[in-house]
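Engineer: First the structure, then my questions, so here it is.
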Amino acid sequence: MGGYALSSYGTYLNMVALNLYVYAVTERAVAVGAFMAVRLAAGFVAGLVVGPVLARWSARGVMFWVNVVQAAVLVVLVTVPDGLRTATLFVVSAVGGVTGTVFVVALRSSVIPEMVAKERRTWANSLMVSWRSLAMVAGFASAGVVVSLLGYTAAFLVDMVTFLVCAVAVAQLPASSGKPAASGDDGEVRERRRVPRAVVALAAAPVLGLMVLLRAVDALGSSSHNAALPVYSTELDTDSPAVFVSVFWCVWAVGNVLVQQVIQRWTRRSGRAVGALGFGFGTIAMSAGFILAFAGLPWAVTVLVALVAGAADGLTEVSYTSHLQTLPDTLRTHAFGLSATVESLGFGVGMVAVGAALEAYSPLAVVAVAHGVAIAIAVVFVGLVLRERAGTGAGVGSPGSALPFAQSGRHPSPQESD
């Protein structure tokens, strides 16, 4: 977790530094958009292929090498001649999109489920989100200082070091961590069949399928507030537009970290995981919070809204990740890969659509529509979960049903499933 948090810090630091550097090198705003688009497209593709990759090679080995590759491309970036710098930047973007997706999918679908007992997975996921949120605050907060005082090269080298440290941490994992499910020709034949099986599994379990769909729509909503925040903050304070954005994300991260402490203590005392209803209601609260953030409310109220939005966001992520981890080994990695793909698609499509919409409509209107769709689907999701819970009996935990997702999130005993 420490290595993951450190590499996350480097990622968020570089997210700011690279975007600024792209503009400094190209002097074109469209290049910044293209840079982000390449990263999203690469992440989309990675989500499609990560299942076969992790079926062939161990997750530990894959995670080690993706960190090494990310460090290597940053070394290339700081040493490449000026004439090749623009092209190298887009290579860095593509590599970052692929390796970032592969690492997270491997960590969530293979390493955590294998190293952490089922009753402790919610705690482990919560801890992971907590560390990442803290890394985000530190990365965003220090980016301006590092770039201003030390320059872009220093920022890239700091990021390179974080990836190397993470690679060393991954190398310390037990040799069996994230071992491939099958090998040889028979394994490859079975592997080719697993992607459609994962899709069929999602279609056969309405709650789980709708959960993945809701994450995709939520990613579209995320694109709306990410694109609208700079516009809205500029409207609030033309001279210092960064103030609102910085305060909002810092408070959001605090809310995210605080809710993880609550989740960890609750799961430790109760032995229960965060349930599907938590995911549904959390999505509703999170989307409502982001809408209210653009409503022109007083500062004190907006800060409270950002705190709630961050807490709800942390709740939904832990619930979602923990639920996908209950899938069978043969489907889990593909489900996480499919999830990463649809989330990248939702965010990418959203960035394009939202960018165009902001030319004609206010930030509040754009964010309200995007997150309003998420709220509507979340309401349907909650209704479906409640209906499944009302009809519990022999079918709830059985194969082909909604698995344990329609329940409270606690893994049922054999007696409870009868």
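Engineer: Taking the highest mean first, how do the peptides 311-321, 210-220 order by number of other beta carbon atoms within 10 angstrom per residue? Numbers along the way, then the final one.
Structural biologist: Numbers: 311-321: 26.1, 210-220: 21.8.
Ranked from most to least packed, the peptides come out as 311-321, 210-220.
Engineer: Moving on. Is the C-alpha gyration tensor of the stretch 342-385 telling us rounded, prolate or oblate? Criteria: a/c under 1.5 is rounded; beyond that, a/b larger than b/c is prolate, otherwise oblate.
Structural biologist: Working: a/c = 5.08, a/b = 1.64, b/c = 3.10.
Note, shape of the stretch 342-385 comes out oblate.
Engineer: Between residue 114 and residue 379, what is the label-point separation in nm under the 7 Å Cα-to-beta-carbon projection?
Structural biologist: Output for this residue pair reads 4.4 nm.
Engineer: Using 18 Å as the cut-off for backbone N distance, which residues of the stretch 317-359 belong to the label zone defined by a point 7 Å from the Cα of residue 25 along Cα→Cβ?
Structural biologist: Under 18 Å, as judged by backbone N against the label point of residue 25, lies no residue of the stretch 317-359.
Engineer: Continuing with this model, one more query. Residue 360 to residue 236: extension gain in nm, 0.36 nm per residue of separation minus the Cα-Cα distance? All intermediate terms of the calculation are to be shown ahead of the outcome.
Structural biologist: Values: separation 124, 0.36 × 124 = 44.64 nm, distance 1.82 nm.
The span from residue 360 to residue 236 would gain 42.8 nm if fully extended.
Engineer: A follow-up question, please. For the stretch 98-111, in order, what is each residue's ³J(HN,Hα) by Karplus, 6.51 cos²θ - 1.76 cosθ + 1.60 with θ = phi - 60°, in whole Hz (x at glycine and Pro)?
Structural biologist: In residue order, the calculated couplings are 5, 5, x, 5, 4, 4, 5, 4, 4, 4, 7, 8, 10, 5 Hz.
Engineer: Suppose the chain between residue 34 and residue 386 were pulled fully straight at 0.36 nm per residue; how much longer would it get relative to their current alpha carbon spacing? Numbers along the way, then the final one.
Structural biologist: On the way: separation 352, 0.36 × 352 = 126.72 nm, distance 4.28 nm.
Length gained, residue 34 through residue 386: 122.4 nm.
Engineer: Further, regarding this structure: Taking the Cβ of residue 100 as the center, what net charge do the other residues with Cβ under 13 Å away carry, scoring Lys and Arg +1 and Asp and Glu -1? List each step's numbers first, then the result.
Structural biologist: Values: positive: 39, 108, 132; negative: 159, 343.
Net local charge, residue 100 excluded: +1.
Engineer: Related question: Between residue 265 and residue 349, what is the spin-label point distance in nm, taking each point 7 Å from the Cα along the Cα→C-beta axis?
Structural biologist: It is 4.1 nm.
A short reminder: the numbers here are calculations on the coordinates, not readings from a lab. For clarity, every value in this text was computed on a predicted model and none was experimentally measured. Every residue, glycine as well, gets a Cβ built from its backbone with ideal geometry; the counts of neighbours run over all protein chains shown.
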